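Each remark here refers to the structure printed beneath this line.
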Protein chains: 2
Amino acid sequence: MASGQGSAAVMERRLAAAEGQCIRAGVQLTELRRQVLALVLQAEQPLGAYALLDRLKEQRPGAAPPTVYRALDFLLEQGLIHKVERLNAFVGCVGAGHDHHAGHQHAHQFLICGQCGQTTEISDPAVTRALAEAAARSGFQAGHAVVEVEGRCAACAA
Amino acid sequence: MASGQGSAAVMERRLAAAEGQCIRAGVQLTELRRQVLALVLQAEQPLGAYALLDRLKEQRPGAAPPTVYRALDFLLEQGLIHKVERLNAFVGCVGAGHDHHAGHQHAHQFLICGQCGQTTEISDPAVTRALAEAAARSGFQAGHAVVEVEGRCAACAA
DNA sequence: CCTGTTCGGGTTATATAGTAACAGAACCCT
DNA sequence: AGGGTTCTGTTACTATATAACCCGAACAGG
């Protein structure tokens, strides 16, 4: 078993899916963007921009903060990754590559384990609906919602 | 009508409530902490730590980043203010001073207007419940939840 | 009284996160 | 060739947050 969110083969599949999604959207998954996406995907936990930068430098010695931030901005726009606001860190979007939410941010929630750092993405319709209703009740036109629960994951609780 | 979340009289009442809450909790609302709390409460919008620091310096010329961060940490612990993660900024807790959630963080959600910056705190039981259930379904022991919806407030939508 | 301990705060320096602004390369289009 | 657009390199900078150390006030125990 390889590291992180999946084996090398799984990661290749996710990269290929991202590739396809970008082609359909008419945007370019360049070498740099692909490298950064790969770094995010192979991490076990959310990685900060500077952690990514350090790793990126191994492949691309001249890399600087704008290098990685520009790639991250692109990947966020395409919905290929998410930002965990609470951690100032980035994770791969679990559903990326599926057409039903390709190319744009979908409603999602994070469960962040304070002990091991594992961050799980879920997409719970009841939460999404409750939030939309609560916003509407305040006359608020809801856009993107950041929902991040801190606590203890099943493994650490045991 | 004075500025911000309420008139000077309203603010005095909120400061007095905070004072009482701290006494009951056996902690000290010192002059510094009271000054920082007052600055947060009198702002119309969430204020960043360095914006607060600038204002604090008018009363306390020697103030430095740790000065304001330490006060903010205290106020957060006491549940007197909240941090808006999305904005790296702080707002007064609307319910502070009421015993039912004094001295600890309570479940709440923010509605952040992308146009005018108005940030409204709500505490919707349906959202809280849906989130707790979704977490439990993943075997996750939920702690504090960050819930921040970006969109357009009623005033700006009109 | 003095002595250790705790707490709040001052001070300096540094770490971490994110952006502005401009230059050059590669590509496409006519 | 000329002129746009997109992507990346590069330098410098701004913004956000914390570490580490010191000092004085308040207080408890002997």
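The values are calculated or read from the model by the stated rules, or taken from the named source; none is laboratory data. Everything numeric here is computed off the predicted structure, so don't read it as measured data. Counting neighbours? That spans all protein chains shown, and the Cβs are built from the backbone with ideal geometry, glycine included. To get the accessible areas, we keep the full protein, side chains included, count just its heavy atoms, and leave off ligands, DNA and RNA. Shrake-Rupley method; radii C 1.70, N 1.55, O 1.52, S 1.80 Å.
Regarding A:Ala134, is this residue within 26 Å of B:Gly143 (Cβ to Cβ), open to solvent by less than 70 Å² (accessible area, probe 1.4 Å) and either more than 10 Å from chain B (Cβ to nearest Cβ) or outside any helix (DSSP H, G or I) (or both)? Step through it out loud before you land on a result.
On the way: within 26 Å of B:Gly143 (Cβ to Cβ): yes; open to solvent by less than 70 Å² (accessible area, probe 1.4 Å): yes; either more than 10 Å from chain B (Cβ to nearest Cβ) or outside any helix (DSSP H, G or I) (or both): no.
No.
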**Q.** Residues being surrounded by 15 or more Cβ atoms within 10 Å (Cβ to Cβ), within 11 Å of DNA strand D (Cβ to nearest atom) and within 15 Å of A:Leu80 (Cα to Cα) - total across segment A:8-58
**A.** 8
Q: Please specify each residue of segment B:41-67 satisfying the condition of being within 15 Å of DNA strand C (Cβ to nearest atom) and in contact (Cβ under 8 Å) with a residue 24 or more places away in the chain.
A: B:Gly48, B:Ala49, B:Leu52, B:Gln59, B:Arg60, B:Thr67
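Quick check on segment A:146-156. Is at least one of its residues exposed (fewer than 15 other Cβ atoms within 10 Å of the Cβ), within 8 Å of chain B (Cβ to nearest Cβ) and at pLDDT 95 or above?
At the first step, the residues of segment A:146-156 found to be exposed (fewer than 15 other Cβ atoms within 10 Å of the Cβ) are A:154-155.
Next, only the ones that are within 8 Å of chain B (Cβ to nearest Cβ) stay: A:154.
If we keep only those that are at pLDDT 95 or above as well, we get A:154.
Yes, some residue in segment A:146-156 is exposed (fewer than 15 other Cβ atoms within 10 Å of the Cβ), within 8 Å of chain B (Cβ to nearest Cβ) and at pLDDT 95 or above.
Here are some residues: B:Gly143, B:Gly97. Which one is over 18 Å from B:Ala43 (Cα atoms) and at pLDDT below 95? Steps first, please.
Details: B:Gly143 fails: at pLDDT below 95.
The unique qualifying residue is B:Gly97.
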Q | Subset tally (residues that are open to solvent by less than 30 Å² (accessible area, probe 1.4 Å) and more than 9 Å from chain B (Cβ to nearest Cβ)) for segment A:118-131 | A | 2
Q: Check A:Gly79, A:Gly62, A:Gly95 and return the single one that is assigned by TED's automatic domain parsing to the domain that holds A:Ile23, in a loop (DSSP other than H, G, I, E, B) and buried (at least 19 other Cβ atoms within 10 Å of the Cβ).
A: A:Gly79
